[in-house]
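The values are calculated or read from the model by the stated rules, or taken from the named source; none is laboratory data. Quantities reported herein were computed from a predicted structural model and do not represent experimental measurements. Here the Cβ positions follow ideal geometry from the backbone for every residue, glycine too, while neighbour counts run over all protein chains shown.
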Amino acid sequence: MSFIRELKRRNVFRVGMAYAVIGWLVLQFSDILISLLDLPDWIGRAVIFLLVVGFPLALIFAWAFELTPEGIKLDKKVDQAVAESRQYGRKLDYVIIGALVVALGYFLWERQQITAPPTTPDRSVAVLPFVNLSSDEEQEWFADGLTEEIINSLTRTPDLQVTSSTSSFAFKDSSEDIRTISESLGVAHILEGSVRRSAETLRIAVQLIRASDGFNLWSATYNRTIEDVIVIQEEIAIEIANALKTAIDPEALAAMVSAGTHSVPAYEAYLKGLALRVNAGNTSKDMDADEEFARAVTIDPEFSTAHYQRTFIRIGKLYGVSPTSSFSGLTIDEVEKQFYDAIDQAIQHEDDAAVRTRYRARRSWIDMNFRQALQQYNEYLELRPGDEDAMTDRFIVLRSLALRDQATELASEFVETEVKLNRATGQALLAMIHAKDPDAIVAYAKKIIEHAPDNIYLLYQAHKAFLWAMDVDAARDVLPKILSSNYRESSKILAQLRQACAEERKSDALRFYAEAIESSDRLVVIWLAHKIIGEEEKADSVLREYDEQGNLHNLAGLLQLGAFDPTILPNLMARLAGQGIEDREIFDIPFRCN
């Protein structure tokens, strides 16, 4: 009897095959359970070790023993006729076939998961506004500011995707459940917490929740003194990053989430400024926020992030976003100098090289060196791909350069993921407007409405997109919600003007046109009103006036708009020389009144 025949007779081959198939299934199911129960990684390695060690033992067992009607016996004690009977081999065949069927079913299921991957990244988190439990309601700023700074810290972690504060604060005091909020924000995890502060003590309770099943991944309660607030914020950021299994070296992670100052008074002034800015709905709060940031850098002149925060309101003034009452009495040149002073201090004192690149990109943007800004934003987002504010800025720069193919490509990648309630989503939609694909524009706009039915900023952009795609009915359906909101009055008037022109209601359009001109002193509102109603000469005239006055940042803000032709403005074109601006395609507004 040959050795091979003896192996077959003793069912060694069958046992080996059955072990391999069943072992593979055990490995797959253990992997699922380890992930589902959030078990340590060493358990998976232990399962593999046991399966590998068990394989030769199974073969030895198959050689030495036989399965008989009387049970398992040593091979030498088994009658050869019984041992050669095929019925015992057939039992193993049935086991192998059954295991193969299960394996095939699992393979098909896993393949389906691969072809339709989950749209929510595992390492994604939204930090909801912390609840103020202090007896003094005036301490609300502390809870809001701490929330904002934790978001900023986590954004610095390269392999985490963190929802922007604008999106997170949309759910302040919300009664929505965790799963609904996570689906709206497109994240897998939610961090929520509460703050109780007295004159000397501080109690912060936080918990990190996996949204899919409500499982609490991590929680902690900090009972410390006010002097420990900086350490607490840094500890929370590190614990979240570790709980989400970031691959960053611990020492590097600690540096990334650093608060940027060791001064508690400077840090508290900074938190108060953040709280005022994130809740700002008027100019006075913006200016109050700026005063707090100024106080922070007075206490600690090397507080880089506080310097950076001082650039926001100045950009708003330069680009005509902030009302004229902000910085009243200052010329544009004086505001521009203040911006450069703040951004240069931020760059000088920032230890993180990636963040310095982010700051330089903002400086290049205000310099109107859009090509350099784009390169710097690309470099930064390679290092910090989860920074949604930087994504927004990059879309703006791409649109300003009229690099519509690149903008559309990025937008297409963006829309494949879950819609998030942030400005980057709106910028992605605006980037698609000039892609000459009305169906794609309408599809994404409808997706936004489905996922963000109460986000007025996104509804406003969706309304605009519907009209550019000339889906007038879809635009009409969105309009009432915009008009009943507390959105900017001038924007609501422009929305009505667009709709009236698209529906050829000329008398209504003329009324909204007059209201738009009277309601705002912002260039973008006045120019758009002229363009939409069809007053081309008036639209060009107001642009030339700004160009002659040297108010070029306001004009540069219009570069994002496809209907804006900068070539009629010699001073602006001189500032933009060498960037290919003169080659941009100019689009007619399809819904304008004629």
(message) The conditions are (1) modelled with pLDDT of 85 or more; (2) closer than 22 Å to GLY562 by Cβ; (3) among the small types (Gly, Ala, Ser), and ALA424 fails exactly one of them. Which is it?
(response) (1)
(request) Taking the options ILE441, ILE456, ILE493, name whichever one is β-branched (Val, Ile, Thr) and assigned by TED's automatic domain parsing to the domain that holds PRO590. (result) ILE493
(request) Tell me, yes or no, whether segment 428-442 has at least one residue that is within 26 Å of ARG362 (Cα to Cα), among the acidic types (Asp, Glu) and either assigned to a helix (DSSP H, G or I) or touching a residue at least 24 places away in the same chain (Cβ under 8 Å) (or both). (result) no
(request) Return the residue satisfying two criteria in turn: it lies in segment 194-204 and is aliphatic (A, V, I, L, M) and over 17 Å from ILE240 (Cα atoms), and of such residues it is modelled with the lowest pLDDT. (result) ALA199
(request) Kindly indicate whether any position in segment 530-537 is more than 32 Å from the chain's Cα centre (by Cα), farther than 18 Å from TRP468 by Cα and surrounded by 15 or more Cβ atoms within 10 Å (Cβ to Cβ). (result) yes
(request) Exactly one condition in (1) touching a Ser or Thr at 6+ places or on another chain (Cβ under 7 Å); (2) touching a residue at least 40 places away in the same chain (Cβ under 8 Å) is not met by ILE396; state its number. (result) (1)
(message) Condition first: at pLDDT below 85 and either within 13 Å of the chain's Cα centre (by Cα) or surrounded by fewer than 16 Cβ atoms within 10 Å (Cβ to Cβ) (or both). Now tell me which residues in segment 429-446 satisfy that.
(response) LYS436, ASP437
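Let's see how each residue does on (1) in a loop (DSSP other than H, G, I, E, B); (2) at positive phi; (3) surrounded by fewer than 23 Cβ atoms within 10 Å (Cβ to Cβ):
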| position | (1), (2), (3) |
| --- | --- |
| ASP454 | yes, no, yes |
| ALA462 | no, no, no |
| ALA465 | no, no, no |
| ASP477 | no, no, yes |
| ASN486 | yes, no, yes |
| LEU497 | no, no, no |
| ALA500 | no, no, yes |
(message) Looking at segment 349-382 only, could you name the residues that are closer than 21 Å to ILE313 by Cβ, in contact (Cβ under 8 Å) with a residue 24 or more places away in the chain and out of contact with any strand residue (DSSP E or B) (no Cβ under 9 Å at 6 or more places or on another chain)?
(response) HIS349, GLU350, VAL355, TYR359, ALA361, ARG362, TRP365, ILE366, MET368, ALA373
(message) On the basis of being surrounded by fewer than 15 Cβ atoms within 10 Å (Cβ to Cβ), under 18 Å from LEU429 (Cβ atoms) and modelled with pLDDT of 95 or more, does ASP473 make the cut?
(response) no
(message) I'd like to know if segment 178-193 contains one or more residues that are small (Gly, Ala, Ser), in the same structural domain as GLU239 (by TED's automatic domain parsing) and modelled with pLDDT of 90 or more.
(response) yes
(request) Say whether the condition of being under 16 Å from ILE433 (Cβ atoms), more than 14 Å from the chain's Cα centre (by Cα) and in a loop (DSSP other than H, G, I, E, B) is met by at least one residue in segment 391-402. (result) yes
(message) Whether any residue in segment 306-319 is free of Cβ contacts under 8 Å to residues at least 60 places away in the same chain, out of contact with any Pro (no Cβ under 9 Å at 6 or more places or on another chain), of a type outside the set (Phe, Trp, Tyr) and assigned to a loop (DSSP other than H, G, I, E, B) is what I want to check.
(response) no
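Yes/no per residue for (1) among the acidic types (Asp, Glu); (2) in contact with a Ser or Thr (Cβ under 6 Å, 6 or more places away or on another chain); (3) over 24 Å from THR225 (Cβ atoms):
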position	(1), (2), (3)
SER167	no, no, yes
PHE171	no, no, yes
GLU176	yes, no, yes
ILE181	no, no, yes
GLY193	no, no, no
ARG197	no, yes, no
ILE204	no, no, no
ARG210	no, no, yes
(message) Whether any residue in segment 176-190 is surrounded by 15 or more Cβ atoms within 10 Å (Cβ to Cβ), charged (D, E, K, R) and in contact (Cβ under 8 Å) with a residue 60 or more places away in the chain is what I want to check.
(response) yes
